[in-house]
Amino acid sequence: MNETAGNRLRRPHSRLAFGLAGVLSLALAAPALAGTLDTVKQRGTLNCGVSEGISGFSDQDTQGHWSGFDVDFCRAVAAATLGDPEKVAFTPLSASARFEALKSGKVDLLSRNSTWTLGREAELGLAFAGITYHDGQGFLANRALGVDGALELDKAKICVESGTTTQLNLADFFRANSITYEEKAFPNAAEAFAAFESGTCDVLTRDQSALYGERLRLARPADAVVLPDVISKEPLGPVVRNDDFAWFNVVKWVNFALVNAEELGISSADIDEALKSQKPDVRRFTGAEGDFGKALGLAPDWAIRAVKATGNYAEIYERNLGTGSKLAIPRGLNQLWNMGGILYVPAVR
């Protein structure tokens, strides 16, 4: 084989190599798509999806001010990422609209009493950034029914919000126990409650935490009772899209930071003491040691900003749901692991 023929035979490979090199260089030169954290920083506002109104979780007063457990989590994320807990735009979302609003980019984060399930992550392209509230589905029954438990609800008319795990759990419970019921499904929580209040239904089913608030909204709260039965596991937590791991990490670690702050004894009232602490775990939390903020794309004091803005987990819970609120829901499972509950999160280290 002469040199000329050999060169001719090698030319296609050379062209292929050149082509691949060109594609690679173009790919490397192309600007990376902006992540959610960068978008939030550039916008200067966190867009947070919340419920349309659940007592203790997300309430809006007549002046338009939002408050509640889920609302405070949004503010903690805003404080950690933007340095200001007020830089949040709240979007009230129905159960049927919440996930599409997140997937479409209408909101950056969903903090809206949403249950973590396999289907929602695997089929909807979502990622739950941990659990903020361990709940379970229950029943609010008209006291005139004279029932003491869920197994006595045979043939009862039950109001439920459509398109929710609540609706699915309701069907599972009655089928598993070979009893019947008449389902009255409504497109949103407000209509389901109104139907129960008007007597269209004998029973309203929702997460137990929400039922305590719904009972207080009745004209005569004493006419209804929250039954003791819990028929499901409802791990509630913040949700993001599954295509941005960096943003998922930020939201997840804000969640963990609020719990760690309680465990470390860091509250909104003693931030100055925490900043002076010589304890290694506290110094890592405040940003005095380590470079964890940089790894997340945040300021060194990201965690302490969140706590200063909203308080630690205990403060958020007690103010909105516990002893400092009208609901007075015992912490139960939502107590720290070393205090009889199951709250247990990774450490900042």
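The values are calculated or read from the model by the stated rules, or taken from the named source; none is laboratory data. Keep in mind that this is a model prediction, so the values were computed, not measured. Here the Cβ is made from the backbone with ideal geometry for all residues, glycine too, and neighbour counts use every protein chain on show. Surface areas here come from the heavy atoms of the whole protein model, side chains and all, with no ligands, DNA or RNA. Shrake-Rupley method; radii C 1.70, N 1.55, O 1.52, S 1.80 Å.
Below are the figures for this structure:
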{"quantity": "Any hit, the stretch 264-271, residues being buried (at least 20 other Cβ atoms within 10 Å of the Cβ), hydroxyl-bearing (S, T, Y) and under 23 Å from D84 (Cβ atoms)", "calculated": "no"}
{"quantity": "Flag for D272 being acidic (D, E) and in contact with a helix residue (DSSP H, G or I) (Cβ under 7 Å, 6 or more places away or on another chain)", "calculated": "no"}
{"quantity": "Test: I342 is open to solvent by less than 20 Å² (accessible area, probe 1.4 Å) and β-branched (V, I, T)", "calculated": "no"}
{"quantity": "Positions within the stretch 158-179 being of a type in the set (S, T, Y) and open to solvent by less than 70 Å² (accessible area, probe 1.4 Å), in sequence order", "calculated": "S162, T164, T165, T166"}
{"quantity": "Hits in the stretch 280-304 - residues which are in contact (Cβ under 8 Å) with a residue 12 or more places away in the chain and open to solvent by 50 Å² or more (accessible area, probe 1.4 Å)", "calculated": "D281, A288, G290, F292, P300, D301"}
{"quantity": "Of the criteria (1) surrounded by fewer than 19 Cβ atoms within 10 Å (Cβ to Cβ); (2) under 30 Å from R331 (Cβ atoms), which one K155 fails", "calculated": "(2)"}
{"quantity": "Top-ranked residue of the stretch 71-101 - restricted to ones that are within 18 Å of T115 (Cβ to Cβ) and in contact with a helix residue (DSSP H, G or I) (Cβ under 9 Å, 6 or more places away or on another chain), ranked as surrounded by the most Cβ atoms within 10 Å (Cβ to Cβ)", "calculated": "F73"}
{"quantity": "Selection count where residues are part of a helix (DSSP H, G or I) and open to solvent by 60 Å² or more (accessible area, probe 1.4 Å), scope the stretch 180-211", "calculated": "4"}
{"quantity": "Subset of the stretch 239-255 that is of a type in the set (A, V, I, L, M, F, W, C) and open to solvent by 30 Å² or more (accessible area, probe 1.4 Å) - its residue that is nearest to Y313 (Cα to Cα)", "calculated": "W253"}
{"quantity": "Residue count, the stretch 136-152 (criterion: open to solvent by 90 Å² or more (accessible area, probe 1.4 Å), within 16 Å of S178 (Cβ to Cβ) and either of a type in the set (S, T, N, Q) or in contact with a Leu (Cβ under 9 Å, 6 or more places away or on another chain) (or both))", "calculated": "1"}
{"quantity": "The stretch 293-324: number of residues that are modelled with pLDDT under 95, hydroxyl-bearing (S, T, Y) and within 22 Å of E86 (Cβ to Cβ)", "calculated": "0"}
{"quantity": "Residues satisfying the stated conditions in the stretch 323-334, i.e. closer than 22 Å to Y344 by Cβ, open to solvent by 20 Å² or more (accessible area, probe 1.4 Å) and not in a helix (DSSP H, G or I)", "calculated": "P330, R331"}
{"quantity": "Qualifying position, being touching an Asp or Glu at 6+ places or on another chain (Cβ under 6 Å), open to solvent by 30 Å² or more (accessible area, probe 1.4 Å) and either farther than 23 Å from V307 by Cα or among the small types (G, A, S) (or both), among S104, S67", "calculated": "S67"}
{"quantity": "Members of the stretch 150-174 found to be closer than 24 Å to I54 by Cα and either among the acidic types (D, E) or not in a helix (DSSP H, G or I) (or both), listed by number", "calculated": "K157, I158, C159, V160, E161, S162, G163, T164"}
{"quantity": "Wholly enclosed helices (runs of 4 or more DSSP H) of the stretch 223-322 bearing at least 2 residues of a type in the set (F, W, Y)", "calculated": "245-264, 313-320"}
